[in-house]
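Visitor: Quick one: the structure is below, questions incoming.
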Amino acid sequence: MAEHPAYPVGLRLAGRRVVVLGGGQVAQRRLPALIAAGADIVLVSPEATASVEAMADAGEITWQRRRYEDGDLADAWYALIATSDHDANTRASAEAERHRVWCVRSDDADAATAWTPATGHSAGVTVAVLTTSARGRDPRHTAAIRDAVVEGLRDGTLVAPHHRTRTPGVALVGGGPGDPDLITVRGRRLLAEADVVIADRLGPRDLLAELPPHVEVIDAAKIPYGRFMAQEAINNALLEHAKQGKSVVRLKGGDPYVFGRGMEEVQALAEAGVPCTVVPGISSSISVPGAAGIPVTHRGVAHEFTVVSGHVAPDDERSLVDWASLARLTGTLVVLMGVDKIGRIAETLVAHGKSPDTPVALVQEGTTAAQRRVDATLATVAETVRAQDVKPPAVIVIGEVVTVGPGI
């Protein structure tokens with residue numbers, strides 16, 4: 001048998017009896033995939049790890065708390081033999097052979113009738129890497145190949161074209177705070193498969209350079225006719241390209257639903273009957289302070305944080321923010337889009353009871369190579385912004401958490 005390569009196959013185990021002998025680390029690693037496959041799993045072992053026991057307590061597997069006995073593999077479709085008793089493993093393997101049950105052995109792969117490949121998953125595809133023969137088996141090498149393929153599929157560097165007809169539509173993708181490595185795996189994959197990308201100015205711009213030449217990139221920041229018409233034009237562009245049967249990605253900074261007008265775009269697509277997938281992104285309200293060494297919560301300092309938009313001033317009739325209530329909170333206040341209004345915001349907070357000495361940090365171009373942090377207090381922040389020439393985009397953090405980081 002050692003002279004012949006293994007024959008790769010995918011087992012459909014839903015509702016079929018699978019027997020696992022041994023409740024140790026091997027079982028702990030292998031059981032989740034068997035559970036996900038819908039197998040009817042029987043674990044035979046006098047003891048198990050805490051994680052395996054939790055699976056039994058949750059009803060995901062049936063646990064028989066004893067050692068292996070002859071006949072345990074009767075009517076099984078598949079067996080995983082992973083006890084610490086070599087003699088029991090040998091006897092169970094022989095039983096599997098008699099009953100023609102495909103059997104994996106953790107202690108002796110050469111004596112098994114099946115091998116477990118190194119597997120990974122990406123976008124509904126399972127990648128399984130298997131050494132072709134027992135001779136020269138190198139689990140680390142196969143795992144490394146698996147990781148390289150899966151990572152390539154996830155980040156878009158390995159693109160496998162779809163040959164079946166794709167369903168046209170729009171993916172509303174949150175690109176994160178700016179660092180291209182902080183986009184989600186799903187977002188990056190969808191970006192790699194797009195025909196058209198409509199990108200915000202604050203999205204991860206470096207990712208656009210990686211797109212194939214045939215991808216049409218539309219700069220949403222340059223759509224004319226002002227702010228209101230710009231959003232209308234964006235909606236129209238999404239609809240136009242989607243209705244042409246193209247795969248469209250709307251690449252936004254941060255998360256689509258955190259001050260990103262994402263729902264407006266979803267609503268416009270829904271009204272036109274265009275399917276839309278929303279991919280959440282890492283919000284700059286949390287990630288940018290973190291990148292600058294500021295935790296938005298900290299034990300004994302802040303038990304809550306509040307995120308508000310500062311694009312209109314507190315005394316503007318369009319403002320929906322209750323600044324008086326915010327001034328009374330003891331937690332962290334994170335202000336987005338508020339650089340040019342921070343003077344009036346600080347004055348309002350102080351007027352409603354916030355201490356003028358409350359620490360403030362402004363993190364400009366957070367998570368990018370141009371990131372910089374400027375510290376002040378509510379009393380000095382307006383002048384500090386002018387003196388230090390702080391420009392948007394910048395995330396403003398107000399509260400004692402500003403002072404708890406290393407080196408502060």
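The values are calculated or read from the model by the stated rules, or taken from the named source; none is laboratory data. No experiment lies behind these values; they were computed from the predicted model shown. Positions of Cβ are backbone-derived with ideal geometry, glycine not excepted, and every protein chain shown enters the neighbour counts.
Visitor: Going by what's in this entry, would residue 324 be described as of a type outside the set (Lys, Arg), under 29 Å from the mean Cα position of the chain (by Cα) and not in a loop (DSSP other than H, G, I, E, B)?
Guide: Details: of a type outside the set (Lys, Arg): yes; under 29 Å from the mean Cα position of the chain (by Cα): no; not in a loop (DSSP other than H, G, I, E, B): yes.
So residue 324 does not fit the description; no.
Visitor: I'm checking my understanding of the structure. Among residues of the range 290-306 that are among the hydrophobic types (A, V, I, L, M, F, W, C) and in a loop (DSSP other than H, G, I, E, B), which one is surrounded by the most Cβ atoms within 10 Å (Cβ to Cβ)? Steps first, please.
Guide: At the first step, the residues of the range 290-306 found to be among the hydrophobic types (A, V, I, L, M, F, W, C) are 291-292, 294, 296, 301-302, 305.
Still in the list and also in a loop (DSSP other than H, G, I, E, B): 292, 294, 296, 301.
On the way: 292: 22, 294: 26, 296: 21, 301: 16.
Going through the qualifying residues, I end up with 294.
Visitor: If you don't mind, there's one more thing I want to ask. Can you pull out every residue in the range 380-407 that is of a type outside the set (D, E, K, R), surrounded by fewer than 20 Cβ atoms within 10 Å (Cβ to Cβ) and touching a strand residue (DSSP E or B) at 6+ places or on another chain (Cβ under 7 Å)?
Guide: We begin by selecting, within the range 380-407, every residue of a type outside the set (D, E, K, R); these are 380-382, 384-385, 387-388, 390, 392-399, 401-407.
After this cut, where a residue has to be surrounded by fewer than 20 Cβ atoms within 10 Å (Cβ to Cβ) as well, the list is 380, 382, 384, 387-388, 392, 403-407.
Result: 384, 388, 403, 404.
Visitor: Scan the range 89-100 residue by residue and report those that are in contact (Cβ under 8 Å) with a residue 12 or more places away in the chain and over 19 Å from residue 45 (Cα atoms).
Guide: Keep residues of the range 89-100 that are in contact (Cβ under 8 Å) with a residue 12 or more places away in the chain, which gives 89-93, 95-97, 99.
If the condition is that a residue be in contact (Cβ under 8 Å) with a residue 12 or more places away in the chain and over 19 Å from residue 45 (Cα atoms), then 97, 99 are the ones that fit.
Visitor: Given (1) closer than 28 Å to residue 205 by Cβ; (2) buried (at least 17 other Cβ atoms within 10 Å of the Cβ), identify the lone condition not met by residue 323.
Guide: Answer for residue 323: the failing condition is (1).
Visitor: Turning to a different aspect of this structure: What pairs come out if I take residues in the range 34-45 that are closer than 15 Å to residue 24 by Cβ and pair them with residues that are of a type in the set (Phe, Trp, Tyr) whose C-beta lies under 8 Å away, six or more apart or interchain?
Guide: 43/63; 44/68; 45/63
Visitor: Looking at (1) modelled with pLDDT under 95; (2) not in a loop (DSSP other than H, G, I, E, B), which is the only condition residue 405 fails?
Guide: (2) is the only condition that residue 405 fails.
Visitor: Do you know which of the residues in the range 352-375 that are farther than 13 Å from residue 399 by Cβ and free of Cβ contacts under 8 Å to residues at least 24 places away in the same chain is surrounded by the most Cβ atoms within 10 Å (Cβ to Cβ)?
Guide: 374
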